[in-house]
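The structure appears right after this line, and notes come after that.
Any read-out appearing in this document is the output of simple, stated calculations on the displayed coordinates, not a laboratory observation. Predicted model only: the values in this text are computed from it and were never measured. Neighbour counts are summed over all protein chains in view; Cβ atoms, including those assigned to glycine, are modelled from backbone coordinates with ideal geometry.
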Amino acid sequence: MDFVGGIRRAGVPVGLALGVAVLGWAGLRLRADAQDSTASAAAALAAGGGAEEAQVDKLDKVELTDAQWRERLTPQQYRILRGKGTEPAFSGKYYDHKEEGTYVCAGCANPLFSSETKFRSGTGWPSFYAPVDPKRVRTQPDKGLFTTRTEVLCARCGGHLGHVFEDGPQPTGLRYCINSVALKFVGEDEASAARPEDAQPE
């Protein structure tokens, strides 16, 4: 059928009909481009996640029996790191700690957070907006307390550190809310900072 002739017989202005047709085609093209971009982004994210998992696998993992953990940790450290407990707000020694250095896992000395990313959140727990390296920690859903939160664990020994929330400062917008008991501070001038595997939990 003659497209223009049909439009004229229907009494519709040719210019208006052509404009509508062009807009419709453009909308379909934009939608297709958006779908292609979304698929590309998802593929890139999946590839990045796989690379990160491979890096985590390269860590010198620490795997101990429950009896060994009880011997290695203090009762309070065991309750937090292995029992997924939480220290009372404003009770930990690092929530207002201001020295420069690195916070390592109290269970295995894995470097976790730097004083450079520590900030005052007012929550009563040490707060950081990023780990020293994404491969040093891992996260998983925590469905306790009648809600779902994101638990943060040490990627080397699997110890419970705390939780991460999406209400932190830029550049990440994240708040890693960590128990002081799960951490050990290593000052910049301490030689053990260069050999975290030699450090022992408190």
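Counting other Cβ atoms within 10 Å, which trypsin sites (Lys or Arg not before Pro) in the range 87-123 have at most 12 and lie in a DSSP loop? Could you put the intermediate results ahead of the total?
Working: sites: 93, 98, 118, 120; in loops: 93, 98, 120.
Answer by residue number: 93, 98, 120.
Within a Cβ distance under 12 Å of residue 173, other residues only, what is the Lys/Arg minus Asp/Glu net charge? Don't skip to the end; give the middle numbers.
Details: positive: 175; negative: 166, 167.
So the surrounding residues net to -1.
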| note | To the nearest 20 debye, the range 66-198 has a Cα-centred charge dipole, built from +1 on Lys and Arg Cβ and -1 on Asp and Glu Cβ, of 480 debye
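Within the range 104-166, list the GluC sites (Glu not before Pro) lying in a DSSP loop whose Cβ has at most 13 other Cβ atoms in a 10 Å radius. Show your work: numbers first, answer last.
Working: sites: 116, 151, 166; in loops: 166.
Hits after loop and neighbour filter: 166.
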| Principal axis dimensions, the range 66-198 - Cα atoms, whole angstrom, descending | 36, 34, 28
| Any idea how many Lys pairs in the range 66-198 come in under 22 angstrom at the alpha carbon, given 8 or more places apart or on separate chains? | 11
| said: Taking the beta-carbon count within 10 Å as an exposure proxy, list 160, 97 from fewest neighbours to most. | reply: 97, 160
| When Lys and Arg each count +1 and Asp and Glu each count -1, what net charge do the other residues less than 10 Å away from residue 150, Cβ to Cβ, add up to? | -2
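Net charge around residue 82, counting only other residues with Cβ within less than 13 Å of its Cβ (Lys, Arg = +1; Asp, Glu = -1)? Each step should come with its number before you reach the end.
Working: positive: 70, 72, 79, 84; negative: 63, 66, 71.
It works out to a net charge of +1.
Determine, for 80, 178, the number of other Cβ atoms within 10 Å of each Cβ, and report the residues in order from fewest to most. Before the final figure, lay out each step's value.
Working: 80 26, 178 29.
With the fewest neighbours first, 80, 178 line up as 80, 178.
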